[in-house]
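Peer 1: Just dropping this structure here.
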Amino acid sequence: MGPRAHDGPVRVLVVTGGHRVDLDALLGMVAALADARGWVWAHAVQPSAQAWLDPRNADAWDALLLHDLPGLYLRRGEPPRPIGPDPAVAAAALGLLDRGVGVVAMHHALAGWPAWDGWADALGGRFHYAPGTLHGRHWPSSGTRITDYTARVAAPGHPVCAGLDDFSLTDELYCCPVFEEQVVPLVRHDADVSSARFISTYEHVIHGEDAAPDSTGHPPASDLVAWATAAAASPVVYVQPGDSGATFALPGYRRLIGNAVDWVASAEGRTWARSRRTPPHSDVPVAPDGPA
């Protein structure tokens with residue numbers, strides 16, 4: 001994957017919080033990957049994790065592994081709504097990206113900071129728990145669907161896909177905006193992308209799955225389930241699967257996550273990110289417009 005700025009092991013900060021996850025299975029996967037690949041790692045939980053995500057601590061981490069959902073008020077039976085980020089929190093996140101700290105975002109991390117378009121730019125898309133705007137365009141609530149599918153390698157020559165074969169899984173797919181023209185496709189799926197096959201998340205949260213309508217009216221889903229992009233000087237990989245412990249146990253999924261972490265932590269990954277530092281999606285502005 002290329003040398004890093006230091007000779008020690010890859011240092012990974014795992015961040016969770018804001019949404020349920022099978023934590024034992026997730027951290028078990030991370031521990032197994034760390035043993036196999038020689039990483040050292042720590043775990044932080046939102047919102048207190050923000051204290052760890054400070055540019056003054058940037059040199060402590062080579063990569064962030066995000067399975068969190070910051071910036072969203074989310075309770076069953078109540079409308080989801082954005083919270084923040086506070087300008088100081090946004091500035092700290094931007095400081096990490098300016099320093100080139102690698103990011104691997106998983107699953108519902110794509111819904112983080114929904115009031116901040118810059119964070120969607122950093123990750124390459126956004127999952128909307130509630131109807132909202134993104135770069136001036138109105139979007140309906142995003143859709144979800146748990147189904148069987150095959151994850152198909154789209155970039156066999158990319159380091160994130162090294163040694164990765166197609167693999168089958170049962171996991172949650174999203175119907176949401178993906179900046180396909182700005183990202184590098186890594187893995188695609190073979191499931192139906194028709195919006196009518198997905199359940200609208202906003203009504204699902206408020207009224208329950210049985211009362212929620214489908215996502216008819218939303219543009220069709222992307223077939224991308226993993227991609228690479230750049231945010232300031234940081235290489236970023238997003239991996240959509242990650243809903244269940246069964247997925248965390250899959251050898252193909254573990255290889256995908258392991259390769260992604262190693263690549264975003266590498267000098268090669270950072271050089272690539274700096275070469276793509278062009279607006280509008282690589283430079284991430286401080287533009288929080290939700291409540292603090």
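Peer 1: Which one of these is of a type in the set (A, V, I, L, M, F, W, C) and modelled with pLDDT of 95 or more: A211, A232, A191?
Peer 2: The match here is A191.
Peer 1: Examine the range 83-90 for a residue that is under 18 Å from the mean Cα position of the chain (by Cα) and within 20 Å of L33 (Cα to Cα), and state whether such a residue exists.
Peer 2: No; the residues of the range 83-90 include none that is under 18 Å from the mean Cα position of the chain (by Cα) and within 20 Å of L33 (Cα to Cα).
Peer 1: Checking V45 against (1) out of contact with any helix residue (DSSP H, G or I) (no Cβ under 7 Å at 6 or more places or on another chain); (2) more than 30 Å from G252 (Cα to Cα); (3) open to solvent by 50 Å² or more (accessible area, probe 1.4 Å), which test does it fail?
Peer 2: (2)
Peer 1: If you check every pair at least six apart or on different chains, which have Cβ atoms under 6 Å apart with a residue in the range 28-45 that is under 16 Å from W61 (Cβ atoms) first and a residue that is surrounded by fewer than 15 Cβ atoms within 10 Å (Cβ to Cβ) second?
Peer 2: If the second residue must be surrounded by fewer than 15 Cβ atoms within 10 Å (Cβ to Cβ), no pairs are left.
Peer 1: Now for a different question. Mind listing just one residue for me: the one in the range 154-198 that is in contact with a strand residue (DSSP E or B) (Cβ under 6 Å, 6 or more places away or on another chain) and β-branched (V, I, T) and, of those, most open to solvent (accessible area, probe 1.4 Å)?
Peer 2: T170
Peer 1: Here is a follow-up. I'd like to verify a number: residues in the range 82-127 that are part of a strand (DSSP E or B) and either farther than 19 Å from P47 by Cβ or without any contact (Cβ under 8 Å) to a residue 60 or more places away in the chain (or both), how many?
Peer 2: Total satisfying the criteria: 3.
Peer 1: Within the bounds of the range 205-223, is there any residue that is part of a strand (DSSP E or B), out of contact with any Cys (no Cβ under 6 Å at 6 or more places or on another chain) and either closer than 19 Å to P156 by Cβ or of a type in the set (V, I, T) (or both)?
Peer 2: Yes, the range 205-223 contains at least one residue that is part of a strand (DSSP E or B), out of contact with any Cys (no Cβ under 6 Å at 6 or more places or on another chain) and either closer than 19 Å to P156 by Cβ or of a type in the set (V, I, T) (or both).
Peer 1: Is at least one residue of the range 87-104 under 26 Å from E209 (Cα atoms) and crowded, with 17+ Cβ neighbours inside 10 Å?
Peer 2: no
Peer 1: Test each condition in (1) under 23 Å from L256 (Cα atoms); (2) in a loop (DSSP other than H, G, I, E, B) for A31 and report the one that comes out false.
Peer 2: All conditions pass for A31, except number (2).
The values are calculated or read from the model by the stated rules, or taken from the named source; none is laboratory data. As the structure is a computational prediction, the values presented were derived from the model and not from experiment. Note: ideal-geometry Cβ built from the backbone for every residue, glycine included; neighbour counts use all protein chains shown. The protein model used for the area step is the full one, side chains on, heavy atoms only, and it has no ligands, DNA or RNA in it. Shrake-Rupley method; radii C 1.70, N 1.55, O 1.52, S 1.80 Å.
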